[in-house]
Amino acid sequence: MKLNMIFTICPSDNLEKIVDSAKAAGATGATILSVRGTGHKEAKTFFGLTLDRPQEALVLLVERHYCPKIMKVIYDAGDMKEPGNGICFSLPIESVLGLESQMNTLEKEAEEYL
């Protein structure tokens with residue numbers, strides 16, 4: 001079985017819609033992290049307080065053939081064509097441990113694809 005990691009950074013207010021869309025497209029689970037970052041333009045400040053939107057990072061391990069489809073629904077659900085609405089990229093995973101609870105589902109999906 002070949003896996004990819006899909007890593008998404010998005011505003012917190014888009015997270016639920018993105019996770020629901022990814023699961024509907026074949027993702028079996030997600031890890032969510034609170035993150036901060038900097039981009040091309042710095043966040044606006046008001047009396048020394050930063051006014052940027054809270055951000056989340058979403059990490060998904062998916063069967064490789066589902067990756068393009070899941071990334072597309074993440075992009076659409078997060079309205080990522082608009083500036084400031086996030087980024088999504090994938091990386092191949094060489095090996096993984098600890099997915100026992102999801103292996104049956106992942107293996108079944110892989111068999112159906114082939």
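The values are calculated or read from the model by the stated rules, or taken from the named source; none is laboratory data. Because the structure is predicted, anything quoted here is derived from the model rather than measured. FYI the Cβ positions are ideal-geometry reconstructions off the backbone, even for glycines, and counts take in every protein chain you see.
Please verify whether the stretch 33-40 includes one or more residues that are at pLDDT 95 or above, surrounded by 13 or more Cβ atoms within 10 Å (Cβ to Cβ) and of a type outside the set (Lys, Arg).
No, every residue in the stretch 33-40 fails to be at pLDDT 95 or above, surrounded by 13 or more Cβ atoms within 10 Å (Cβ to Cβ) and of a type outside the set (Lys, Arg).
Is one or more of the residues making up the stretch 89-112 of a type outside the set (Lys, Arg), modelled with pLDDT of 85 or more, within 22 Å of GLU16 (Cα to Cα) and touching a strand residue (DSSP E or B) at 6+ places or on another chain (Cβ under 9 Å)?
Yes: the stretch 89-112 contains one or more residues that are of a type outside the set (Lys, Arg), modelled with pLDDT of 85 or more, within 22 Å of GLU16 (Cα to Cα) and touching a strand residue (DSSP E or B) at 6+ places or on another chain (Cβ under 9 Å).
Mind checking which residues of the stretch 1-31 are of a type outside the set (A, V, I, L, M) and farther than 22 Å from GLU82 by Cα?
LYS2, ASN4, LYS23, GLY26, THR28, GLY29, THR31
Quick one: count up the residues across the stretch 56-86 that are acidic (Asp, Glu) and free of Cβ contacts under 8 Å to residues at least 60 places away in the same chain.
The qualifying residues number 3.
Is at least one residue of the stretch 51-68 out of contact with any strand residue (DSSP E or B) (no Cβ under 6 Å at 6 or more places or on another chain) and modelled with pLDDT of 95 or more?
Among the residues of the stretch 51-68, at least one is out of contact with any strand residue (DSSP E or B) (no Cβ under 6 Å at 6 or more places or on another chain) and modelled with pLDDT of 95 or more, which makes the answer yes.
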